[in-house]
């Protein structure tokens with residue numbers, strides 16, 4: 001009975017969230033291990049890729065619109081409480097914001113859009129793991145909060161993404177060890193999700 005009042009993220013089981021997060025971490029960290037040079041060339045040039053920025057921003061705005069659309073078919077709809085009268089205006093603003101940013105803020109558009117998408121994405125495992133047993137669920141926020149912090153910097157100061165990627169590109173050993181650590185952390189979350197969550 002109580003479940004009907006929960007958001008879709010809250011109804012998501014810790015196991016499902018852990019499996020999803022573990023697989024995503026393994027995937028995004030194994031690519032630099034398999035193709036380190038190509039990965040770093042792509043990351044150091046990504047901040048200039050306007051098309052990629054538009055697509056990523058479109059994904060973020062589409063996700064945000066799904067959170068705003070209040071309908072029986074939409075399990076992602078969120079409560080706006082005192083801002084409820086603004087729901088329609090906010091939905092209409094999403095494509096307008098996408099258009100304005102895509103056409104007038106082309107410089108460093110991808111880091112801004114990636115930051116927005118990450119802010120939306122980390123909310124899924126964090127909400128699914130909130131106040132649940134066992135304590136090993138803390139593996140999720142331990143990883144998510146630093147990523148969330150970096151994403152906020154990329155939205156507000158997107159040139160930092162460029163600077164950080166250039167700094168990383170000059171340290172191939174750090175990329176290799178960081179990728180190994182990322183794969184191992186993803187595998188650890190996946191193992192806990194499959195065995196005990």
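The values are calculated or read from the model by the stated rules, or taken from the named source; none is laboratory data. The model shown is predicted, which means the values in this text are computed figures rather than measured ones. Backbone-built Cβ (ideal geometry, glycine too); neighbour counts: all protein chains shown.
Below are the figures for this structure:
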| item | result |
| --- | --- |
| Residue identified as within 19 Å of the chain's Cα centre (by Cα) and assigned to a helix (DSSP H, G or I) among 174, 117, 168 | 117 |
| Yes/no for residue 152 being out of contact with any helix residue (DSSP H, G or I) (no Cβ under 6 Å at 6 or more places or on another chain), free of Cβ contacts under 8 Å to residues at least 60 places away in the same chain and either buried (at least 17 other Cβ atoms within 10 Å of the Cβ) or under 21 Å from residue 56 (Cα atoms) (or both) | yes |
| Sole exception among (1) in contact with a helix residue (DSSP H, G or I) (Cβ under 6 Å, 6 or more places away or on another chain); (2) closer than 16 Å to residue 59 by Cα for residue 121, by number | (1) |
| Boolean, residue 188 is surrounded by fewer than 13 Cβ atoms within 10 Å (Cβ to Cβ) and either in contact with a helix residue (DSSP H, G or I) (Cβ under 8 Å, 6 or more places away or on another chain) or modelled with pLDDT of 95 or more (or both) | no |
| Qualifying residue in segment 115-130 (condition: surrounded by fewer than 14 Cβ atoms within 10 Å (Cβ to Cβ) and either without any contact (Cβ under 8 Å) to a residue 60 or more places away in the chain or over 15 Å from residue 20 (Cα atoms) (or both)) | yes |
| Residue within segment 181-196 that is closer than 21 Å to residue 63 by Cβ, outside any helix (DSSP H, G or I) and touching a residue at least 24 places away in the same chain (Cβ under 8 Å) present | no |
| Leading residue by the ranking (surrounded by the most Cβ atoms within 10 Å (Cβ to Cβ)) among those in segment 47-101 that are out of contact with any helix residue (DSSP H, G or I) (no Cβ under 8 Å at 6 or more places or on another chain) and outside any helix (DSSP H, G or I) | 79 |
| Boolean, residue 160 is in contact with a helix residue (DSSP H, G or I) (Cβ under 7 Å, 6 or more places away or on another chain), loosely packed, with under 13 Cβ neighbours inside 10 Å and farther than 21 Å from residue 55 by Cβ | no |
| Residue that is nearest to the chain's Cα centre (by Cα), among those in segment 122-131 that are in a helix (DSSP H, G or I) and more than 12 Å from residue 145 (Cα to Cα) | 124 |
| Residues of segment 132-151 satisfying the condition of being more than 15 Å from residue 16 (Cβ to Cβ) and assigned to a loop (DSSP other than H, G, I, E, B) | 133, 134 |
| Candidate set: segment 31-56, residues that are closer than 19 Å to residue 94 by Cβ and in contact (Cβ under 8 Å) with a residue 60 or more places away in the chain; chosen: the one farthest from the chain's Cα centre (by Cα) | 53 |
